[in-house]
Amino acid sequence: MLRRRLNRLFGRDERRVDSRTIYVGHRPCPATDTFIPPKFCDNRIVSSKYTVWNFLPKNLFEQFRRIANFYFLIIFLVQVIVDTPTSPVTSGLPLFFVITVTAIKQGYEDWLRHKADNEVNKYLVTVLEDGRRARKESEKIKVGDVVEVVEDETFPCDLILLQSSREDETCFVTTASLDGESNHKTHYTVPDTEKGLESLSATVECEQPQPDLYKFVTFFSLCVVSLRSLGPENLLLKGATLKNTQKIYGVAVYSGMETKMALNYQGKSQKRSVVEKSINAFLLVYLCILVSKALVCTTLKYVWQSQPGQEEPWYNQKTQKEKDANLYLNMFTDFLSFMVLFNFIIPVSMYVTVEMQKFLGSFFISWDKDFFDPEIQEGALVNTSDLNEELGQVEYVFTDKTGTLTQNSMEFIECCIDGFQYKNRDSSTELDGFCVTDGPVSMLQQKEEEELFLRALCLCHTVQVKESTGQEDWVGDQVDGVLGLDGEMVHPAELRGFIASSPDEVALVKGAMKYGFTFLGMESKNMRVMNRDKDVETYELLHVLNFDPVRRRMSVIVRSKCGDIMLFCKGADSSIFPRVRQEEVDRISMHVERNATVGYRTLCVAYKLLSSEEYAQADAGLREARLALDDREEKLMAVYNQVETGMSLIGATAVEDRLQEEAAETMEMETAKSTCYACRLFQRGTELLELTVRTLEDGGRRREERLHEVLLDYHKRAVQDPPPVKTRVTSWTSAKQDYGFIIDGATLSLVFNSSPDSSHYKSLFLQICQNCTTVLCCRMAPLQKAQIVNMVKNSKGSPITLSIGDGANDVSMILEAHIGIGIKGKEGRQAVRNSDYAIPKLKHLKKLLLGHGHLYYVRIAHLVQYFFYKNLCFILPQFLYQFFCGSSQQPLYDAAYLTMYNICFTSMPILAYSLLEQHICMEVLMSNATLYRDVAKNAMLRWSPFLYWTLLGVYQGLLFFFGVRFLFSNPALQDNGQVFGNWSYGTIVFTVLVFTVTLKLAMDTRHWTWINHFVIWGSLAFYMFFSFFWGGIIWPFLRQQRLYFVFANMLRSVSAWLVIILLILLSLLPEILLLVLRKPRWPHSRQVRYTHI
Amino acid sequence: MSQQDQKDHQGQQQPEPLPVHTTTIQKVRIMMKEELETTNRPDNTAFTQQRLPAWQPMLSAGIVIPGFVLIGLAFIGIGVALFITSQNITVLEKDYTGVETTSDCYKCSNPSDKNCTCKLEFSLSTLFEGPVFFYYGLSNYFQSQRSYGASKDEYQLSGDLDYFKTPISACSPYQYDANQNPIVPCGSLANSMFNDTFKLYQIVNGTKKLVPFDGKGIAWWTDYNIKYRNPSVTPLKNAFNGTVKPSFWSKPAYELDTSDPSNNGFVNQDFLVWMRRAALPDFRKLYRRITEGDYARGLPAGNYSLEIAYNYPVLSFGGRKKVVFSNVSWMGGKNQFLGIAYLVVGSLCVVMSMVMLIVYAKFKFPEDD
């Protein structure tokens, strides 16, 4: 499975040649004599991990694969088997607790997944079986079944459209949950299948499942009639929703996990934060410390025992069994015993505390009222708590542009007709014409131009008028993101929704409407337009020359009432200018460029009158090309290009895709300089490097060659040029040239899977990306987005990536990045469900990263370091004591102290700290983005801070032990001359330890709420109380009353008091000094850069 | 149905019912909104918004310097007091292992020699102020070994007769004797109880005058009153029927103190002193106090002779034995460490506060600006 995924990821699937044959309705073709029902997977979607039966073993296996859990298991087993200084309960109980809690949590999560799966799998669909309609659960659909889908239903599997209730053999589909595009797409039925589906017998020869949403090559053969080739326009994808069509019939071609949707979802792999990786690294260090300690002690023990009289002094003779035991076995068990004795250095409780911190801490995100969006009545959502701290580490942000950066609601801003600019200021006051900002007031000739332009806007599009059947529908459509008119503006009777394949088309049609030209809709091949004089003009739509990303333009050919055949064309300036007269271009290009710099989407509009001969020629060409079986695309393209020539430019439009509130500010937060243009992503003065199909097609050479050249060239410019100043570090300061980089999906796929040495391209591409302040990738498939994220993620220094998106097309990217953030936007819930965090608006990202992320990181980093530190200085005296007890694994502390230290005495303060600490208050963090860089690159969990904490732990551990050791050079510490024993020794060390460690935390606490006070002073008081209590009673269930009155006697000794105070102060002295003398020094770190997709 | 039909159909229907629809929908929406408002909106409390009032201490030089001076001075004060106190404590330490041939105890250092006594003589030039505490000390003796310390039966020692019959296996090899009789008290710890005995004589005009020892109050009060209990059998001897004494012992547990019947068995204070394991391999344990008679004020100047019943072998493991006479103060026995440590840390604090003051005066810390 994994390999298959990998293969897919690297595009190797292209070479797969075998195809599958599907019999429509499971009816064998009479022509073929043998009918073997082919086996395909069923239509069940499985996202859950466990079943009832395999839960326990599988979950346990998963859990014990964690290095820490496995380690504790080993320790526990050692304690059970070998005679060790501490009882198995001390490690068994916490381990059991941790395992159980985790198992319950994971079980619950899996149950939720089961539920979600069932919802999809048990959904009832209608299937045509031998002419009868039968209700079936979705999971029972088999490949070859003919399925009925009604309006607003999602397709249960990938279907080939056979029949539609619409008379024009089309249906409308929104793929919002697949690729995030909420507009309506037109899909076509297979030609010549009008006859009854019951008797239709046909075979479909299609390729094996592959994830590319926009690729589908199939041959549909009716048994009688010949072969038809089908394309993606015939395929209805699972997950897409049927719109504006009453019902359709389709034959299932891919089902279940083989649907394009399922293939596009990468498995939700466990995301691990850098902090967790650091913990594991530190854990290894501590394991090494532990093992070396045990080794040292074992060695010492046997060296010491080899001295005369020490092996078996008369007062401590061995039993017969011990004498008989094998020496090496003894050594080994001794080694294990030491391991057990020192195993507290890696406490289970750290994992418990980290888990609790993450779990409880994540509530603060969902509780934050700043994330609450009154529009959708929802706040932030936390899907995983494992990544809280990762929010403070983000280096690259990948955002989906449409809907995420922008609101995905286009607005017509201005247009320019024949060199004069018209701006839409206040539409309601404008009755006639535009407000002209430059150029003469409307003259008659001007007026004509104007009307032609507006007509063009009204005609040149593929917009459909949504027939509203009632109010409910209307509301529902708005929710779906279909752009309509605002209710206040139009009379209810005129309520009209426009459905188009791109929101800017709607914006243009709406724009034209504001100026008096209203598109009324299609009436059997006639387009009806209402002009300013409220007359309805009718145009017969002859041909639509569809938009495609390569041509970057579209055209319509219409015939007006008076018989003129006109071609209207609109498209990107770059694709229109070469096809019109040069003098017209000069007049308009200035405006277009100006609008583009402001960040509007600009389109140019051109038209051409066709003579009847010209039209006849074009018509024939188009028809021929449409019917071509192979190379249809190429042939059509050629005809299009031929037709769209010699046009005259009439104007240009500018449409604004509004940015989400505060988007610019949010994006700017770290890289103060990366202001954008084109959604203000690019700064003025940013040099644009463009790598698109268009740039590649210059010169007519093979794309691969050209790609290589261009890449090398850009690489030279972006990577090698900047450092005229020799230091690489400064090459990113704002003084240098900023580069913006644009790449489109088609080119990207070339980069990723062109030739065998694609790794070379990849690295070039990556270097270019990393050296640009902004990278814009357009028209990308979901997996491509993920590929980019993956590439950056795995690049040198493995930067932390964050993906943010709102549509299902962003899911792959969200899953791929270290942190995936979903926006609870208009495009469905897929992104939110698959994300780690979901926020209502893009602007919330700022607080999420700068505020919460930073704090979480500081908190958890401190928590981790503190935990290692406090256990080091806990166990170090224990280790040192082995030198004074004949290396006999004698514990220094009582078992109760050993167990309670991490659970009760020192756990609560650090937990409270790690939940409440605000070393810098939220407002300052948010207003001062440079602070975010202070913790970048895992600054607080690198080796140098770790070394500092470790040294501190060692210093304090040494101090605790030897301070008391010197005190005990005369164990008569009371004024009655009585002496203290070994448990008093341990208790004094332990008391110093608990106080020091707690006060150290108190010193680090910058934000003392009442909870901190309560917990810090509370746990010290609890320690005192517990010690009194523990030593004050003869415990009936205990055999050994080792601590009986030890603590009370200790408190009676003035010397003990004095030594405790002395040692606490001495331990904290370096910390205090450092705190006072340290000037605020911020580590140098790389700035956070943004990559936009 | 064609598109045209649909449209006409709507055109007729729409105007009339629409207002009703909108109002009801609006109503429903408002209701839903209110409901959601209350359910979905996060609580606006100080805790959930992380805005709990908080004290944000800053350790600035202005606080730390005076603080350090104060702490330093206090520490120096305590250090001086500790040092002087420790200086005033008199300690007299004598090794009597008998490794040197000149020592009187040399003759006893041969372990095969049983019931050997030797003498240790010393003289005091001034009064050894009382109350004088008499300790014995052992070195290179690992009472802190785990197996050694675990080799005892606490239930037995708290007087549970069941465990007289079957001592815990941790006592092995001192669990049962060769005839499978249970040993009480069992275990290495009890078995190896220190059994040298001492008698101190003051030589007054050539005659030996016994200095009376007080064997009470040498162990922790809680040990002989609560933690360790004899079985409630009288006479105590009967409780020990069917058991044997530890092999190293010369007398059974119920005859440890012939002079005081209440100081026998498991609550014998010498026994309890031994049972409280020393933390370090060089240790001393309280043997007797000199609080009575003419010696209540201390040991007067003069010549003394300590008679030692030398029983306890230490040379086999390279150990040493010593006796220590010491008086104690409020801080316990003599210990120079604490006083010196306090003085050092105290002066360190003062010096550092001076350094900080200089740095502060010269550079003015940026955070105070």
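B:Q145 passes every criterion in (1) surrounded by fewer than 22 Cβ atoms within 10 Å (Cβ to Cβ); (2) closer than 17 Å to A:Y315 by Cβ; (3) within 8 Å of chain A (Cβ to nearest Cβ) apart from (1). Note on region A:133-162: residues that are outside any strand (DSSP E or B) and either open to solvent by less than 10 Å² (accessible area, probe 1.4 Å) or not charged (D, E, K, R) (or both) amount to 8. Looking at region A:985-992, can you tell me whether even one residue there is within 27 Å of A:F1045 (Cα to Cα), at pLDDT 90 or above and at the interface with chain B (Cβ under 9 Å from one of its Cβ atoms)? Checking region A:985-992: at least one residue is within 27 Å of A:F1045 (Cα to Cα), at pLDDT 90 or above and at the interface with chain B (Cβ under 9 Å from one of its Cβ atoms). Yes or no: A:I365 modelled with pLDDT of 85 or more, open to solvent by less than 10 Å² (accessible area, probe 1.4 Å) and more than 12 Å from chain B (Cβ to nearest Cβ)? Considered against the rule, which asks whether it is modelled with pLDDT of 85 or more, open to solvent by less than 10 Å² (accessible area, probe 1.4 Å) and more than 12 Å from chain B (Cβ to nearest Cβ), A:I365 comes out as no. Among the candidates A:R933, A:R942, A:R965, the residue that is of a type in the set (K, R) and within 14 Å of another protein chain (Cβ to nearest Cβ) is uniquely A:R965. Residues of region B:189-217 being in contact with a strand residue (DSSP E or B) (Cβ under 8 Å, 6 or more places away or on another chain), within 20 Å of B:V273 (Cβ to Cβ) and of a type in the set (A, V, I, L, M), which ones? Of everything in region B:189-217, those that are in contact with a strand residue (DSSP E or B) (Cβ under 8 Å, 6 or more places away or on another chain), within 20 Å of B:V273 (Cβ to Cβ) and of a type in the set (A, V, I, L, M) turn out to be B:L200, B:V211. Of the residues examined, A:F1037 is not one that is in a helix (DSSP H, G or I), more than 30 Å from A:A939 (Cβ to Cβ), out of contact with any strand residue (DSSP E or B) (no Cβ under 6 Å at 6 or more places or on another chain) and away from chain B (no Cβ under 11 Å).
Scanning region A:949-968 for residues that are among the aromatic types (F, W, Y) and in contact (Cβ under 8 Å) with a residue 60 or more places away in the chain gives A:W949, A:Y955, A:F960, A:F961, A:F962. Put simply, of A:F97, A:F155, A:F172 the only residue that is within 37 Å of the chain's Cα centre (by Cα) and within 14 Å of another protein chain (Cβ to nearest Cβ) is A:F172.
Going through (1) open to solvent by less than 10 Å² (accessible area, probe 1.4 Å); (2) farther than 28 Å from A:I860 by Cβ one by one, A:F960 falls short only on (2).
Quick check on my filter: what residues within region A:1044-1065 are open to solvent by less than 10 Å² (accessible area, probe 1.4 Å), within 56 Å of the chain's Cα centre (by Cα) and not aliphatic (A, V, I, L, M)? Result: A:F1047, single match.
Residue-by-condition table, conditions (1) within 21 Å of A:S1053 (Cβ to Cβ); (2) out of contact with any helix residue (DSSP H, G or I) (no Cβ under 6 Å at 6 or more places or on another chain); (3) at pLDDT 90 or above:
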site: B:R284; (1), (2), (3): yes, yes, yes
site: B:G293; (1), (2), (3): no, yes, no
site: B:G302; (1), (2), (3): no, yes, yes
site: B:E307; (1), (2), (3): no, yes, yes
site: B:V314; (1), (2), (3): no, yes, yes
site: B:G319; (1), (2), (3): no, yes, yes
site: B:L338; (1), (2), (3): yes, no, yes
site: B:V350; (1), (2), (3): no, no, yes
site: B:P366; (1), (2), (3): no, yes, no
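When the residues of region B:112-123 are filtered to those that are of a type in the set (S, T, N, Q) and assigned to a loop (DSSP other than H, G, I, E, B), the one that is nearest to B:F325 (Cα to Cα) is B:N115.
The residue list B:R284, B:R229 contains one member that is among the basic types (K, R) and in contact with a strand residue (DSSP E or B) (Cβ under 9 Å, 6 or more places away or on another chain), which is B:R284. For the structure I just gave you, tell me whether A:Y866 is over 28 Å from A:D368 (Cα atoms), more than 21 Å from the chain's Cα centre (by Cα) and among the hydroxyl-bearing types (S, T, Y). So A:Y866 does not fit the description; no.
Entry remark, region B:332-346: residues being closer than 12 Å to A:V1059 by Cβ and more than 7 Å from every other protein chain (Cβ to nearest Cβ) number 1 in total.
Residues of region B:202-231 that are among the β-branched types (V, I, T) and in a helix (DSSP H, G or I): B:T222, B:I226. None of A:P57, A:P37, A:P28 is modelled with pLDDT under 75, more than 14 Å from chain B (Cβ to nearest Cβ) and open to solvent by 70 Å² or more (accessible area, probe 1.4 Å) except A:P37. Of all the residues in region B:262-290, those that are in contact with a Phe, Trp or Tyr (Cβ under 9 Å, 6 or more places away or on another chain), open to solvent by 30 Å² or more (accessible area, probe 1.4 Å) and not charged (D, E, K, R) number 0. So, of the residues in region A:1004-1034 that are surrounded by fewer than 15 Cβ atoms within 10 Å (Cβ to Cβ) and at the interface with chain B (Cβ under 9 Å from one of its Cβ atoms), which turns out to be modelled with the lowest pLDDT? Result: A:I1034. Considering B:I218, B:I226, B:I168, B:I203, the condition of being at the interface with chain A (Cβ under 9 Å from one of its Cβ atoms) and open to solvent by 50 Å² or more (accessible area, probe 1.4 Å) is satisfied by B:I226 alone.
The values are calculated or read from the model by the stated rules, or taken from the named source; none is laboratory data. None of the values given here were measured: they were computed from a predicted structure. Don't worry about glycine lacking a Cβ; one is built from the backbone with ideal geometry, like all the others, and counts go over all protein chains shown. When the accessible area is computed, the model is the full protein with side chains, heavy atoms only, and any ligands, DNA or RNA have been set aside. Shrake-Rupley method; radii C 1.70, N 1.55, O 1.52, S 1.80 Å.
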